Amino acid sequence: MHILKVHSYYQIRGGEDETIEAETLLMQQMGHQVEVYKDTNDRISTLGAGRMAIKTIWSREAYTTLKRRFEQQIYNVMHVDNFFPLMSPSIYYAAKDAGVPVVQTLHNYRLLCPNALFFRDGQVCEDCLGKSIPLPGVQHGCYRESKAASGAVATMLAVHRLLKTWTKMVDRYITLTEFARQKFIQGGLPAEKIVVKPHFISPDPGVGSGKGGYALYVGRLSVEKGLDTLLSAWEQLGGKIPLKIIGDGQLRDRVAEVVNKLPNVEWLGRKPIEEVYALMGEATVLIFPSKWYETFGRVAIEAFAKGTPVIASNIGAIAELVDPGRTGLHFRPGDSQDLAQKMEWVLSHPAELAEMRPEARAEFEAKYTAPKNYRQLMEIYTQLQQNQKTVFSNGELIHRGQ
């Protein structure tokens, strides 16, 4: 199978980039020919506001580049991970003009919300959900805290909703959880085109002992990730269990303040993935305190791979990933007192916690391994091939199988 992977990215790598690269490598290891077309969003700063707005709506450059590629090579599928903002939805049209099926993985809520998070002013916001023109996002400057930039994003969303791009130009959408799938259906995407395929972890990091005697947080230090909730909970716990924090972000000063005040809270900054896995495997629990919906929770399944239970806020996709009482616990999102109480339970129920470790690992093995992911992805691609009898090359119909 010949696949074109498309991704618009930033130089600062994140979990999403690692997942995309892992998926590409997996397909190549399984004998498929995978080519990558990507563009760096870091060059946004070199474009004027006017050019940037136009590119966000329709990138002639991306359309022309892909059209030329499709004329030179036959692909079984174009799999898009991110077109925003420089590539634009024009890439869908280039693929459709060439008769190439299009798959879009929805890593965030950009098609429904200008800032892609459904989060504003410290809380969940769905003001733009289902609106043909997402004006609230413009009024609040939700994208890059700029009304002008938010206006460009809102225009892109409105124009392509009017053109029926989202419903006609994409053959299959992939969401990472059922929660996210339902949100996109609520937002107007056709239910029959949306399938759920979670991320995976490869290579398998192996099981840890869980004997470190500390709780662990891994992720951005930001409000939507619930860092304020986490820090407040540890202030209430009064030193009953150490907390290690891995990551960086806008709340670093608040973290530093708590570290100075509470000797059992340690901020480790950024760490290589090998060190993260080592710390994760020895942790008593991983804390996932997000206040926004998330679309997945890669850190949670990494913890499962290490056999570490997860205490997660009962909101969005992360609530779906954690089975309370079996692979971890839920707490009320934004409620530091409830999080502190759940940690009290952990400390007072060592036998029940010990039973969660093999269950967490079993959850990983059942749902989030590379072989499982490969089978799911191939099923999606194969169904599209069966539906798409022909492709175009150099303007001529080429039948599948030739």
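The values are calculated or read from the model by the stated rules, or taken from the named source; none is laboratory data. Everything numeric in this text was worked out from a predicted model, so none of it was measured. Reconstructed Cβ throughout: ideal geometry from the backbone, glycine too, with neighbour counts over all protein chains shown.
Of the residues making up segment 324-346, none is of a type in the set (Val, Ile, Thr), under 20 Å from the mean Cα position of the chain (by Cα) and part of a loop (DSSP other than H, G, I, E, B). Selection of segment 68-83 for residues being surrounded by 18 or more Cβ atoms within 10 Å (Cβ to Cβ), in a loop (DSSP other than H, G, I, E, B) and not hydroxyl-bearing (Ser, Thr, Tyr) yields Asn76, Phe83. Under the condition of being surrounded by fewer than 19 Cβ atoms within 10 Å (Cβ to Cβ) and of a type outside the set (A, V, I, L, M), the residues counted in segment 328-377 number 22. Hey, can you tell me all the residues within segment 152-195 that are within 15 Å of Thr56 (Cβ to Cβ), surrounded by fewer than 20 Cβ atoms within 10 Å (Cβ to Cβ) and not polar (S, T, N, Q)? Matches in segment 152-195: Ala158, Val159, Arg161, Leu163. Residue count for segment 154-212 satisfying the condition of being in contact with a Lys or Arg (Cβ under 7 Å, 6 or more places away or on another chain) and on the phi > 0 side of the Ramachandran plot: 1.
Which residue out of Ala256, Ala303, Ala312 is part of a strand (DSSP E or B) and not aromatic (Phe, Trp, Tyr)?
Ala312
When the strands (runs of 3 or more DSSP E) confined to segment 155-232 are screened for residues that are closer than 27 Å to Leu135 by Cα, those reaching at least 2 such residues are found at 172-175. Given the criteria of a type in the set (Phe, Trp, Tyr), over 17 Å from Ile57 (Cα atoms), within 17 Å of the chain's Cα centre (by Cα) and not assigned by TED's automatic domain parsing to the domain that holds Lys225, does Phe118 qualify? When the stated conditions are applied, Phe118 passes them. Filtered by the rule that a residue be in contact with a helix residue (DSSP H, G or I) (Cβ under 8 Å, 6 or more places away or on another chain) and either among the polar types (S, T, N, Q) or modelled with pLDDT under 95 (or both), segment 134-146 gives Gln139, Tyr143, Arg144. Out of the residues in segment 8-24 that are closer than 17 Å to Arg298 by Cα and part of a loop (DSSP other than H, G, I, E, B), state the one that is modelled with the lowest pLDDT. Among those residues, the one meeting the criterion is Arg13.
Please work out which residue is surrounded by the most Cβ atoms within 10 Å (Cβ to Cβ), limiting yourself to segment 88-104 and to residues that are in contact with an Asp or Glu (Cβ under 7 Å, 6 or more places away or on another chain) and either among the basic types (Lys, Arg) or assigned to a strand (DSSP E or B) (or both). So the residue we want is Val103.
Looking only at residues that are over 24 Å from the mean Cα position of the chain (by Cα) and surrounded by 20 or more Cβ atoms within 10 Å (Cβ to Cβ) in segment 238-257, which one is nearest to Lys306 (Cα to Cα)? If we take residues in segment 238-257 being over 24 Å from the mean Cα position of the chain (by Cα) and surrounded by 20 or more Cβ atoms within 10 Å (Cβ to Cβ), then Leu243 is nearest to Lys306 (Cα to Cα). Selection of segment 273-300 for residues being in contact with a Pro (Cβ under 7 Å, 6 or more places away or on another chain) and assigned to a helix (DSSP H, G or I) yields only Tyr277. When Leu135, Leu112 are checked against the criterion of being of a type in the set (A, V, I, L, M), assigned by TED's automatic domain parsing to the domain that holds Tyr37 and in contact (Cβ under 8 Å) with a residue 40 or more places away in the chain, Leu112 stands alone in meeting it. Applying the set (1) surrounded by fewer than 21 Cβ atoms within 10 Å (Cβ to Cβ); (2) under 30 Å from Val170 (Cα atoms) to His199 leaves exactly one unmet item: (1). List the number of the failed condition for Ile318; all other conditions in (1) assigned to a helix (DSSP H, G or I); (2) more than 21 Å from Glu224 (Cβ to Cβ) hold. Status for Ile318: all satisfied but (2).
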